[in-house]
Amino acid sequence: MTPGETTLELVEQLTNEGVDHIVLLMRHSAREYAPGKHDLLNPLTDEGRDFAREIGKRLPKDLVVRGYTSPAERCVETAGLIMSGHEAVGGQILRNRIVEALGVFYVLDQTKMFMAMRDAGGIVSFLQRWFDGGIARDILMPADLAARLVGGVAKEKLSQAGDHPQLDLLVSHDFTLYTIKDQLLKQGTHRYPDVHYLDGIAFFNRDGKTFIQSHHEPAIELDVSLPV
């Protein structure tokens, strides 16, 4: 399946149901893995750029699209290309801004994190260890706190509705989407072990409540309150 297909299906489903403001948290497009380069400096591949433009061209044309991204260049570029693709076929776009809370703010010691990931045998097993509380807090902040902070950003964007149907892109990293799926959607890695390029999670309001939904399962009400 082409990257982003399930995300487009989710957006189309919600717009067909009458949702007129969607905040879409999504992973960036296909990236390079250059040896010796700092991970956050790896850019999109040419194919990844094409994927992002195509997503933009296929979004519902009546949506006004705003972009918010992790500081990583591949995230900024992903949002920009989606927006330019949307504009190229007659869609309206607004700004594209960097938001630190969409970056990897929850990583407190990147060197120790990569060592712990190697010891865990890979990203999925490492993340599950983090979700279970098995990663030292000097390496990563608690997963539930990280998820609620990102969810809070999405909820805040939903409070900033315009006069027309609107899509807010929140472009981040696979770590972020795994965390939101596990902590807020309760869709853990044991059931859904993959987060693909351009996968998305939607936030939206309905009947005075805020909901969150992936392409895997129906929407549930969003809870970003911190445990007492």
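General remarks:
- The set of residues in segment 56-73 that are surrounded by fewer than 18 Cβ atoms within 10 Å (Cβ to Cβ) and assigned to a loop (DSSP other than H, G, I, E, B) comprises 60, 61, 62, 71.
- Any chance residue 169 is hydrophobic (A, V, I, L, M, F, W, C), under 17 Å from residue 152 (Cα atoms), out of contact with any Ser or Thr (no Cβ under 7 Å at 6 or more places or on another chain) and buried (at least 22 other Cβ atoms within 10 Å of the Cβ): yes
- Hey, residue 82 of a type in the set (Val, Ile, Thr) and part of a helix (DSSP H, G or I) or not: yes
- Of the criteria (1) modelled with pLDDT of 95 or more; (2) over 20 Å from residue 175 (Cβ atoms), which one residue 2 fails: (1)
- Exclusive hit being at pLDDT 95 or above and basic (Lys, Arg), set 118, 129: 129
- Here residue 19 meets each of (1) at pLDDT 95 or above; (2) not in a loop (DSSP other than H, G, I, E, B) with one exception, condition (2).
- Within segment 172-188, being among the basic types (Lys, Arg) and crowded, with 22+ Cβ neighbours inside 10 Å holds for one residue alone: 181.
- The condition (being farther than 25 Å from residue 143 by Cβ, part of a strand (DSSP E or B) and not β-branched (Val, Ile, Thr)) is satisfied by just one residue among 95, 53: 95.
- The set of residues from segment 179-222 being in contact (Cβ under 8 Å) with a residue 40 or more places away in the chain, of a type in the set (D, E, K, R) and over 16 Å from residue 20 (Cα atoms) comprises 182, 199.
- Only one of the listed residues (76, 104) is in contact (Cβ under 8 Å) with a residue 40 or more places away in the chain, outside any loop (DSSP other than H, G, I, E, B) and within 21 Å of residue 197 (Cα to Cα). That residue is 76.
The values are calculated or read from the model by the stated rules, or taken from the named source; none is laboratory data. Since the structure is predicted, the reported quantities are computational estimates derived from the model, not experimental observations. Cβ sites come from the backbone with ideal geometry, for glycine too, and all protein chains shown count toward neighbours.
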